[in-house]
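Reading through the structure tokens given below for one structure.
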Amino acid sequence: MQLIRRHFLRLACAAAATSAVSRTAGAQTYPTRSVRIIVPFTAGGPATVLAHVLAQPLTETWGQSFYVENLPTGASNVGTATAAKAPADGYTLLIVTPSFVINPSLYAKLAYDPVRDFTAVALAVTSPHVLVVNPSFPAHNVKELVALVKANPGKYSYASAGTGQSAQLAAELFKLAFGLDLLHVPFNGGAPAMNSTVGGHTPIAFNALPSAAALIKEGKLRALAVTSGQRAPEFPDVPTLAEVGVPGQESLFFQGVVSPAGTPKEIVDQLYREIARILARPEVKERLAAIGFGVSISSPEQFQAQIKSEMERWAKVIRDANIKRIE
């Protein structure tokens, strides 16, 4: 009996060692085939830009195709759920934005959990939200806007990229700070929201800076403030909300990369190092800065902690603003 027990112990140890060697070998040879980068939004938006910024140099470095697949339906939920169900082998990556941490508090039913079903790879870029108005709007700064809205409760509306999007929650923080009666008009994305404000249909808007940057530069929108702790380098004349006397409003539109939970740590770390190297290139930083993004690379561990803290923060804002959960 003792001999049999020793035999089984040897087999178990051998199996464990073989498994460990297999995982290590898999990480050392990764990638051996094409890698899919899912973008759960329509093509042409900031998330797609980041995906392509990463895909080409990753392909060149490792000799395997990193290709972008847009799955835009369901307010990012369809693409995210697709990634969650993919094998945890490093061959499916997902570009995430604030909707990744907001949707669990906004939707009554989701087919994924950001913490349980995903492993953070890297935070890549961040951008402030920006408060903009149509150039014909009579308020030329935040103080004038607040006074105008307070004097005309319920008269004015603001546009955002959609219900529960980070820009709307930034706007709700702003409204709560002053007790403003300002109607929210949600759109299906940042571009139509900006078009509505350019056309004067919704005279005010909150949006991620990359979605508004070109229109601000062209004079089609007037920027009143950004939600970051410091002024945006591309718009040095636009103050922060803190500078104009509205503290506690800091919020950032972030983009990062995650993979299905259980992806080997060696592969996650390999991806993180290469993504960090790509984003450190001056030409990449310049390309991203031109649309309002700053490189904010962080490790898998740091990004995982941020995902958890952001989920808690925005859940509170949703509760405080009485935003109804979507069934």
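Below are the figures for this structure:
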| item | result |
| --- | --- |
| Relative contact order, percent, the chain [alpha-carbon distance under 8 Å, six or more residues apart] | 25 |
| R0 of 51 Å, Cβ-Cβ distance Asn195-Thr29: FRET efficiency to nearest 0.05 | 0.60 |
| Cα principal axis extents for the stretch 76-135, largest first, Å | 49, 29, 16 |
| Charge dipole magnitude, Cβ of K and R +1, D and E -1 - the stretch 128-226, Cα centre, debye nearest 20 | 140 |
| Additional length obtainable on full extension of the chain from Glu283 to Lys217, 0.36 nm per residue less Cα span | 21.7 nm |
| Contour minus Cα-Cα distance for Glu327 and Ala315 (0.36 nm per residue) | 2.7 nm |
| Cα convex hull of the stretch 128-226 - mean projected area over all directions, nm² | 5.2 |
| Radius of gyration and maximum dimension Dmax of the stretch 33-105, Cα, Å | 12.2, 40 |
| Lys265 paired with Thr163, simple spin-label distance in nm, labels 7 Å along Cα-to-beta-carbon | 4.2 |
| √(5λ) per eigenvalue of the Cα gyration tensor, the chain, largest first, Å | 43, 21, 16 |
| Where trypsin sites (Lys or Arg not before Pro) fall in DSSP loop in the stretch 130-193, at most 13 other Cβ within 10 Å | Lys155 |
| Magnitude of the charge dipole, the chain, Cβ model with Lys/Arg +1 and Asp/Glu -1, debye to 20 | 720 |
| Among Pro282, Pro192, Pro114, residue whose mean-square fluctuation peaks in a GNM of the chain (springs only between Cα atoms under 10 Å) | Pro282 |
| Qualifying aspartates and glutamates (Cα of each under 17 Å from Cα of Lys85; at least 8 residues distant if same chain) | Glu69, Asp113, Asp117 |
| Mean residue ellipticity (222 nm) of the chain, computed from DSSP H runs ≥ 4 via -39,500 (n - 2.57), nearest 500 | -14000 deg cm²/dmol |
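Taken together, the values in this text are just the output of simple stated rules run on the coordinates, not laboratory data. On a predicted model such as this, the values are computed, not experimentally measured, just so you know. Virtual Cβ from ideal backbone geometry, glycine too; neighbours counted across all protein chains shown.
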